[in-house]
Each structure stands twice: as structure tokens, then as C-alpha cells.
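Enquirer: Have a look at this one.
Please treat every number below as a calculation from the coordinates, not as lab data. No experiment lies behind these values; they were computed from the predicted model shown. All Cβ positions, glycine included, derive from the backbone under ideal geometry; neighbour counts span all protein chains shown.
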Amino acid sequence: MGNCLAFTAETNGAQGNGANSGVSKSSGKNNRSLARSSRTAPSYSERSTSSFSSLPTPRSEGEILSSPNLKAFSFNEMRNSTRNFRGEYLIGEGGFGCVFKGWMDEHTLTTSKPGTGMVVAVKKLKPEGFQGHKEWLTEVDYLGQLHHPNLVKLIGYCLEDENRLLVYEYMPKGSLENHLFRRGPQPLPWTVRMKVAIGAARGLCFLHDADSPVIYRDFKASNILLDADYNAKLSDFGLAKAGPTGDNTHVSTQVMGTHGYAAPEYVATGRLTAKSDVYSFGVVLLELLSGRRALDSTKIGVEQNLVEWAKPYLGDKRKVFRIMDTKLEGQYPQKGAHAVATLALCCLNLDRKIRPKMSEVLKMLEQFEIPKDGAQQSPTEQQVFRGQTMKSPLRQVPSPMKASPYALSPLPSHQGHSVQVY
């Protein structure tokens, strides 16, 4: 990983078990976000190559909405699919609007009775919500062209008068945010957490490594949705941005994103790169390890900011246990936890040039993947990292977000609004 780490396959990724937790409907109060069967759309557990490595950009609104991959629904069809947006079918809500469960015929995509056909998720935007028309159109644009097992599938849309809706494949396990931070019967075991991290990393790799790279720009726990088998899929592409081209090293853009996840150099300068997503990925890795939110106003002092609180413990294998989620009850491999903590530290380096690429992050995480036959690799005595010294991120210039979770941040102030998709 360049100047960061050279990892070796020594970790045993499989300890801890237990039932998977259920999905809880929530109007969760996280930081700024945009949005947001019987049978379900197919799920995928293996890595695969996917379509559209090069995006024709820019495109007019007419070209975007005429995508052959999407169906244009009428508002009446949306009402019929959700039984007039009946409250009992509400599965998520937030500043963007509400998400309802709906039903459609799998082949014709015509509406069907509840409990028959294919289950879908229908996101209905508030006219005054955070996700305006431009961001709604951006999501239609990207998800109408990009197809990958670790990106949520957009089935179609509705644009009629002031009504803007999006129709997605239904993700029965809801968001990672729900499982990590809501009270449920069972916490996510270590193996599932690693599976989610791997799936999310594959989704980001697909975006970053395309012929026309895409920067996701809003990577966080609430935007990672889980199918019935806990395969992770990235959702909400309203803030996605085409990456730099030619000799350009970054894209200069208005600072948008979510407090606690956005890379400090992007917040400070508006210069966006793929390494901005890598930083956000590091924050989510910390959330997976600790079971804590990126920002939590219910805690005191430095503990309000997960990154600032956890950093001193990440590089020391004797101290990593101090940040681990107590709900795991110690059911995780110590060497594996240290390896992931060290990887998170690399992703969170204040010097973006030293952060690893997502392809390097994925290569490391795939060492935790359990083979399909269920056999687990035995841990070895090899070092988790070797050969190269790492510039300690702890010696870098203090983060501009250190003083307070929201101090001096130019990010739009949308704290306290739900970011739950479903």
C-alpha cells in the first residue's frame, strides 16, 4: 500500500456467531444526509465484473430520463404499488421524504397485490426535502448506467408534476446503520461485519477503477444496504461526482457530504479525490469495530468524535481491545481486529497521498473472507504488516474537525435529520 502498509495473509477472519439481527424501522437522527417479498430482486455474494466501465458524460435531462435500463412509472402506478402510500407499508423516513414497500410483477413491472410478485422499495421525495431535483437526477443518471452486485439496483423512477420518486430493489435487512446502532435481538457478529466491509469495498472499487472514475462522496453506514444474505450494496448516489480526468489530480467542487465522514482536506479546500472516499471508508471501518457512531453528541469530550477518540488505540495491538464493540463480547480474532484497526488508521491518514487505494484496501479485507465451503484458515505467526515504515497519522497536523464535531465545517448543516433509506 505504497508508504502505508504491506499486509500479509495471517488473519483468521472467523470468530463469533449468532443470529443476525432484524431490521428496525427508524427515523434515525444522524448527521447530514441526502437522500433518500414474497420475492425480491436477485442477490449476489460473489465478486463479479459489471457493466458500464465508461460513462458518457455529461448528459442532458432528456437523455438521462430516456435510459433503456429504467422504467418511467406514472404517479398513479406508484400509488397502486404502495396502496396509496399506506402507513403500514412505510419502511423508512427522513429529511428527503419517505420510503414505502411496494409490489410489482417481476416481468412486466406492473403493480400487483401485496404479498404477490416482487417486493420493491419506493422512495418518495418531499418537495422541500434535502434531495433536490439536481441530486435526484444525478442518482437516476448514475444508477441508470452503473450495474454491479454491490450497488443497489434502481428499477425506475417517477417524475410527474412536483412528484419525484425512485423505485429500487428491496433490501430486506435494511441499512448497516440500523444493525450497528439500533437495539436489536442480536448484534452483527464479526464475520458478518467483515462480509459487509468487503462488499462495500468492492462497490467503491468498481466506481474508482472504472474507465471514467466516479467518486461516491457520501460513503457512510446509512448508505450501505444489506440484502437477505447480508451482502452490502451502496445506495444514494445523489452526491456522486465524476472523478478527475487527464492530468488533473482532483475535482474542485462545493463541499457536500456528511459530518464525521468527510475527509478533512476536502472539507477544508473543496478538492475532491477518490482518496476522500477512502477516508470515509476508514470511518465506517471504525464504526464496524467499535459499534459507535462517527459523531455522537450523547458522549462527552473527545468521545463525541469517533476518529479522534479511537486513533490513539489503533496502531497498538495491546490497546485495540479498548475500542472494540462490547456487544461482540470478545468473539472476534485479536489479530484480525488489530489488522483491521491498522487498515482503518491508514485510510484515516491526514495526508491523502499516503492513504491506500480502495483496491489495496479490498485486497487486505479479502483475507477475512470465509471460503464457500465454510473452511476457515488457520492463523499464522506472520506479522500483520512488515517491511515498510508508516508515517504515523498521529504526528500529522491536527484535524480541522478536532475541536468539535461540527466546528468550522462548511458542510451543509443538516444534523439531526434521518438518513434512513430502509
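Enquirer: Going by C-beta contacts inside 10 Å, put Thr116, Thr326, Thr258 in order with the fewest on the left.
Expert: Thr326, Thr116, Thr258
Enquirer: Can you list the equivalent-ellipsoid semi-axes of segment 129-251, largest first and in whole Å, using the square root of 5 times each Cα gyration tensor eigenvalue? All intermediate terms of the calculation are to be shown ahead of the outcome.
Expert: Values: eigenvalues 129, 81, 30 Å².
Each semi-axis is √(5λ); the values are 25, 20, 12 Å.
Enquirer: How large, in Å, is segment 225-284 by the Kirkwood hydrodynamic radius built from its alpha-carbon pairs?
Expert: Computed over Cα pairs of segment 225-284, the Kirkwood hydrodynamic radius comes out at 12.9 Å.
Enquirer: Same structure, new question: Can you spot the aspartates and glutamates whose alpha carbon is less than 19 Å from Lys357's alpha carbon? Ignore those fewer than 8 places along the same chain.
Expert: Of all the aspartates and glutamates, those that pass the test against Lys357 - Cα under 19 Å, at least 8 places apart if same chain - are Asp209, Asp211, Asp218, Asp247, Glu265, Asp277, Glu366.
Enquirer: Let me ask something additional. Can you sort Leu65, Leu166, Leu345 by how many other beta carbons sit within 10 Å, fewest first?
Expert: Leu65, Leu345, Leu166
Enquirer: Restricting things to alpha carbons, tell me how big segment 176-395 is in terms of Rg and Dmax, in Å.
Expert: 16.8, 52
Enquirer: Take Ile64, Ile300, Ile91 and order them by how many other Cβ atoms sit within 10 Å, fewest up front.
Expert: Starting with the residue having the fewest Cβ neighbours, the order is Ile300, Ile64, Ile91.
Enquirer: What are the principal axis extents of the Cα atoms in segment 61-169, in Å, biggest first?
Expert: For segment 61-169, the Cα spread along each principal axis is 33, 32, 28 Å.
Enquirer: Within straight cross-link reach of Lys233, meaning Cα distance under 16 Å, which lysines are found once same-chain residues fewer than 8 apart are removed?
Expert: Of all the lysines, those that pass the test against Lys233 - Cα under 16 Å, at least 8 places apart if same chain - are Lys153, Lys173, Lys195, Lys220.
Enquirer: Could you tell me how far the Cα centroid of segment 91-122 sits from the Cα centroid of segment 128-201, in Å?
Expert: Each part reduced to its Cα centre gives a spacing of 14 Å.
Enquirer: Let me ask you something else. Taking Cα pairs under 8 Å and at least six residues apart, what relative contact order does segment 61-169 come out at, in percent? Let's see the in-between values first.
Expert: Numbers: 186 pairs, mean separation 32.7, N = 109.
So the answer I get is 30 percent.
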